[in-house]
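One structure is given below, encoded as structure tokens.
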Amino acid sequence: RNGSMKDCTVLGEINLTNATHVGGLVGYMFSSVHDSTNVKNTDGLTITVENGEDAAGTIYVGGIVGLQENGEVSGIVSKANITVNGAKNAYVGGIAGNGASIGSCKVENGKITVNNMSDLYAGGIAGTAKEIVDGIVDCGIKADNIFAELSVGGIAGIATGSVNGTYDRVSNSTENPD
């Protein structure tokens, strides 16, 4: 519970069905991730989650961490391409689906596509920024696109915590040209 990860790299594809906590490094996080990169090439990491009608509850999908309860994610560069199809409730972000404390992170050249949701929050950095800890601080996004049907934001789909010193250069759309 009190560990941390440093200098990690994740490449390739993650393909899951009926998953609830999905991240490029960690699905459900209680500790910290520092100075990590989830890609070394322009193709990046691809995360695909297919959820059918029987999928359980809320899903959290992020380029680094799905659900962050405690700890900190910092110094990360994510180039993940994320696709989520079908779920009742979803939080999807380039760094975290649900982020408690995200600092000095970047999302570059990523793409987030979410289809067939009844309740969705999608953001370039986080699907949601929680009230606890520090929220999102000094992060940036230069992403191709975020395609989603409901609550979409360049930094966060919904922010109930703080968002400070961030910037974005992103194209948000409810229309997926694919």
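The values are calculated or read from the model by the stated rules, or taken from the named source; none is laboratory data. Since we're looking at a predicted model, the values are computed, not measured. Here the Cβ positions follow ideal geometry from the backbone for every residue, glycine too, while neighbour counts run over all protein chains shown. Heavy atoms of the whole protein, side chains included, go into the accessibility calculation; ligands, DNA and RNA do not. Shrake-Rupley method; radii C 1.70, N 1.55, O 1.52, S 1.80 Å.
Observations on the structure shown:
- Test: residue in region 57-64 that is in a loop (DSSP other than H, G, I, E, B), modelled with pLDDT under 80 and out of contact with any Leu (no Cβ under 8 Å at 6 or more places or on another chain): yes
- Condition met for ALA19 (open to solvent by 10 Å² or more (accessible area, probe 1.4 Å), outside any strand (DSSP E or B) and modelled with pLDDT under 90): yes
- Any pair with Cβ under 8 angstrom, 6 or more apart, that starts in region 10-32 at a residue that is at positive phi and polar (S, T, N, Q) and ends at one that is open to solvent by 40 Å² or more (accessible area, probe 1.4 Å) and in a strand (DSSP E or B): ASN18/GLU50
- Residues of region 99-137 that are acidic (Asp, Glu) and modelled with pLDDT of 80 or more: GLU108 alone.
- VAL77 vs. criteria within 17 Å of ILE141 (Cβ to Cβ) and modelled with pLDDT under 90: yes
- Among the numbered conditions (1) open to solvent by 80 Å² or more (accessible area, probe 1.4 Å); (2) among the hydrophobic types (A, V, I, L, M, F, W, C); (3) at pLDDT 85 or above, the only one that LEU11 does not meet is (3).
- For region 76-98, filtered to residues that are more than 18 Å from VAL10 (Cα to Cα) and in contact (Cβ under 8 Å) with a residue 40 or more places away in the chain, the residue that is least open to solvent (accessible area, probe 1.4 Å) is VAL92.
- Region 138-162 - residue that is modelled with pLDDT of 75 or more and of a type in the set (A, V, I, L, M, F, W, C) and, of those, surrounded by the fewest Cβ atoms within 10 Å (Cβ to Cβ): ILE158
- Contact map, region 100-124: residues that are of a type in the set (Lys, Arg) paired with residues that are buried (at least 24 other Cβ atoms within 10 Å of the Cβ), Cβ distance under 6 Å, separation 6+ or inter-chain. No pairs are found.
- In this structure, ASP43 does not satisfy being on the phi > 0 side of the Ramachandran plot and modelled with pLDDT under 70.
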